[in-house]
1. Hey, rough spin-label estimate for A:Asp126 and B:Arg120, points 7 angstrom out along Cα→Cβ, what's it come to in nanometres?
2. Give the span of region B:12-200's Cα atoms along each principal axis, as three whole-Å numbers ordered largest to smallest.
3. Can you classify region B:98-196 as rounded, prolate or oblate using the Cα gyration tensor, where a ≥ b ≥ c are the square roots of its eigenvalues, rounded means a/c under 1.5, and otherwise it's prolate if a/b beats b/c and oblate if not?
4. Note down the Stokes-Einstein diffusion coefficient of region A:27-227 in µm²/s, whole number, using a Kirkwood radius over alpha carbon pairs, 4 °C, and 1.567 mPa s.
5. Only sites in a loop by DSSP and with at most 11 other Cβ atoms within 10 Å count here; which trypsin sites (Lys or Arg not before Pro) in region B:113-202 make the cut?
6. Could you tell me the calculated FRET efficiency between B:Thr145 and B:Asp75, based on Cβ-Cβ distance and R0 = 45 angstrom, to the nearest 0.05?
7. Quick one: helix B:91-112 against the long Cα principal axis of chain B, what's the angle to the nearest 10°, folded into 0 to 90?
8. Using only DSSP helix segments of four residues or longer, with each worth -39500 (n - 2.57), what per-residue ellipticity at 222 nm results for chain B after dividing by its residue count and rounding to 500?
Amino acid sequence: MRAFPIVLFLGLAGCASAPPGEIADPFEPMNRQVHGFNKSLDAAVLRPVSQALAGVGQPAEGPGAMEMVGNFGSNLALPGKVVNSLLQGRPEPASHNMFRFLVNSTLGIGGLFDLATEDFNLPEVDTGFAETLHVWGFPAGAYLELPVLGPSTQRDLVGTVVDVLLLDSMGNVVHRDVARAGLAARLLSKAGDRGQFGSTVDSVLHESADSYAQMRLLYIQRRQYEMKEQGEVIDPYSE
Amino acid sequence: MTRIPNSTRRDFLGRGVLAVAVLAALPAGAQTGNQAVALVRATVDEVLATVNSGRPPAQMYPAFQSIFNRRADIDAMARAALGPTARQLGAQDFAAFRQAMSGYVARKYGKRFQEFLGGRIEVGAARQLKSFWSVDSTAYLRGQTPTRVEWHVSDRSGQVRFFNLIIEGVSMLASEREEIAAMLARRRGDVRALIADLQRAG
């Protein structure tokens, strides 16, 4: 926990700002090297593994094994999201996710089944400490591509570190081993996502002329959309 | 004799002109909004009918390109995707680029339209954005969470056409602008080589 203020400082101290619609990328040469590594890692390991996992334990009806792993992991991430919503001053999504956590942990057998979405029509409201920082007025900062984890920004990196620490402090609420299993489940379900969105990832990562630039653009736009930030609007008729 | 001060009169006149302009613009604007929604509905219906026709994918691409040619403002899209380079091109080169891009987009996105098999797309309302209309829609595809797609529609070409799709926040035109810039850089700015590459890509 002592490292937390240092990480926060490192992450935000050098926050580069860019004009709206543009991406601050002062670390581009380093990012591109990491991208090259991530791309070969994907081709050598993630793509084959996720393709193999995609069909595993898939019954004719109901959730497959991979989906249950994902459900279990995201259920244990819910208390952290509740805390973040409260830090953002948003009680409505906080109570929404709290209700999800209670329903899925009990009726959903420890979070294996997502009954909150299926029976109560309460899909997850995704948030994290990165969004909390956004609400508090911190800019996204420079673009980063992290080894294995992929695209990020300075703000998202700090957010992820804090979320993992928050999740870890879940060891006080649930058993420490359960919290660790939850983290492992989330990493495994990431590999599952690689299978589900395989054709999208393939087309961006292995078929575009500059996959680094495509990933960067996709990531920044997605994050702006998720945080309801206004991105660039192209108006070809404005000239 | 009472004199209306000049400034007040100008103000009054100005407001009158503005009010008339707003009144004149309102029905036309609402009409274009409805036309934008109608365009999106027609496009969605045509794409889904093609996807569900059961034809082999290779035969679907010409059908997608025909839909795209009739429903999209390819001129505006080609200009936006090519950026400042578009202004330096002669009419013939630009027409060749435009043609190559329409085939490239039909193949690249047509490949992905397979995911629409057995799915449905709900078209929502139109809202004004900058100089154009944005039409909301949601795609419900089998085994996936609903996907929000915004259609950017304009009548500036003389006809109501779409020129951009925003899929869960990701702008198709911005992606293609980045991609085409990278392809052009790989050819060291040679547009004719880019056109040849585009005819094979997608």
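Quick note: the coordinates plus some simple rules give every number you see, no bench work behind them. For clarity, every value in this text was computed on a predicted model and none was experimentally measured. When we count neighbours, we look across all protein chains shown, and the Cβ atoms used for this are built from the backbone with ideal geometry, even at glycine.
1. 2.6 nm
2. So the extents along the principal axes, rounded to whole Å, are 61, 45, 25.
3. It is oblate, given that a/c is not under 1.5 and a/b is not larger than b/c.
4. For these conditions, the coefficient is 71 µm²/s.
5. B:Arg142, B:Arg188
6. Here the calculated transfer efficiency is 0.80.
7. Long axis of B:91-112 versus the principal axis of chain B: about 70 degrees.
8. Value at 222 nm, helices only, nearest 500: -20000 deg cm²/dmol.
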